[in-house]
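**Student:** Take this structure, written in structure tokens, and hold onto it; I'll ask about it next.
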Amino acid sequence: MDAEPARLIIEALKEEKIDLYVTLPEEPTVSLTQAVQADPYFQCVTVASEDGGVTLTAGAAIAGRRAVFVTGIAGLLKGGLALMHMGPQYGIPVFILASYRGDFGDRSGISGSKLQVFRQVGEPFLQALRIPYQIAGERRTLKRTIRDAYFMCRTSDMPAALLLTGEVLW
């Protein structure tokens, strides 16, 4: 992710008053995390596991804090059990930004056969959990997409995931 999408994401998070940034660092979003860490507006918490990221973000939401969990699609899959409990079962608004590894244009250097697993499993997994999601791949609509997704998440008491790809991520 280069500087412009990171700036747009940070602006959108601030406009939605999201000040708690929870992350399990991963390569595609490292520049975003570094920019957030350098910004005194945010409290940035690095977690040791995907489940921990989901549950910390959920706990913050229950307490009234506006938070986002930033991870990769693999992290989203790994945190699925916790997400399943926080979402449809308990109605906790967990907001997630996930890099969409394996999507068209992925230039991460990971072999295609390994990346295809994420593409083949990621979206069906979210559908099975009944987690609303959207693919965010255009810079021109990125801020609006983030703001709309967070609004839906917060007002419907449901998790929401944005899968970052295309010119936003690569």
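**Student:** When you check ILE96 against the structure, is it in a loop (DSSP other than H, G, I, E, B) and either surrounded by 14 or more Cβ atoms within 10 Å (Cβ to Cβ) or among the β-branched types (Val, Ile, Thr) (or both), yes or no? Break it down into steps so the answer makes sense when it comes.
**Tutor:** Values: in a loop (DSSP other than H, G, I, E, B): no; either surrounded by 14 or more Cβ atoms within 10 Å (Cβ to Cβ) or among the β-branched types (Val, Ile, Thr) (or both): yes.
When the stated conditions are applied, ILE96 does not pass them.
**Student:** Continuing with the same structure: Count, please, the residues in region 2-25 that happen to be touching a residue at least 40 places away in the same chain (Cβ under 8 Å), within 17 Å of THR71 (Cα to Cα) and open to solvent by 40 Å² or more (accessible area, probe 1.4 Å). Full working, then the answer.
**Tutor:** Step one: filter region 2-25 for residues touching a residue at least 40 places away in the same chain (Cβ under 8 Å), giving 4-5, 8-9, 11-13, 15-24.
Next cut, within 17 Å of THR71 (Cα to Cα) only: 5, 9, 13, 18-24.
Filter once more, keeping what is open to solvent by 40 Å² or more (accessible area, probe 1.4 Å): 19.
Number satisfying all stated conditions: 1.
**Student:** Does region 39-76 hold any residues that are touching a residue at least 40 places away in the same chain (Cβ under 8 Å), assigned to a strand (DSSP E or B) and open to solvent by 40 Å² or more (accessible area, probe 1.4 Å), and which are they?
**Tutor:** none
**Student:** Are any residues in region 138-170 open to solvent by 20 Å² or more (accessible area, probe 1.4 Å), more than 20 Å from GLU15 (Cβ to Cβ) and not aromatic (Phe, Trp, Tyr), and if so, which ones?
**Tutor:** The answer is ASP157, MET158, GLY166, GLU167.
**Student:** For region 125-143, what are the residues that are free of Cβ contacts under 8 Å to residues at least 12 places away in the same chain and not small (Gly, Ala, Ser)?
**Tutor:** The answer is GLN127, ARG140, THR141.
Each row is one residue, and each column tells you yes or no for (1) over 27 Å from PRO124 (Cβ atoms); (2) at pLDDT below 95.
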| residue | (1), (2) |
| --- | --- |
| PRO5 | no, no |
| GLU27 | no, yes |
| PRO40 | yes, no |
| ALA63 | yes, no |
| MET86 | no, yes |
| TYR100 | no, yes |
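The values are calculated or read from the model by the stated rules, or taken from the named source; none is laboratory data. Quick caveat, the model's predicted, so the values are computed rather than measured. Positions of Cβ are backbone-derived with ideal geometry, glycine not excepted, and every protein chain shown enters the neighbour counts. Heads up: the accessible areas ignore ligands, DNA and RNA and are worked out on the full protein's heavy atoms, side chains in. Shrake-Rupley method; radii C 1.70, N 1.55, O 1.52, S 1.80 Å.
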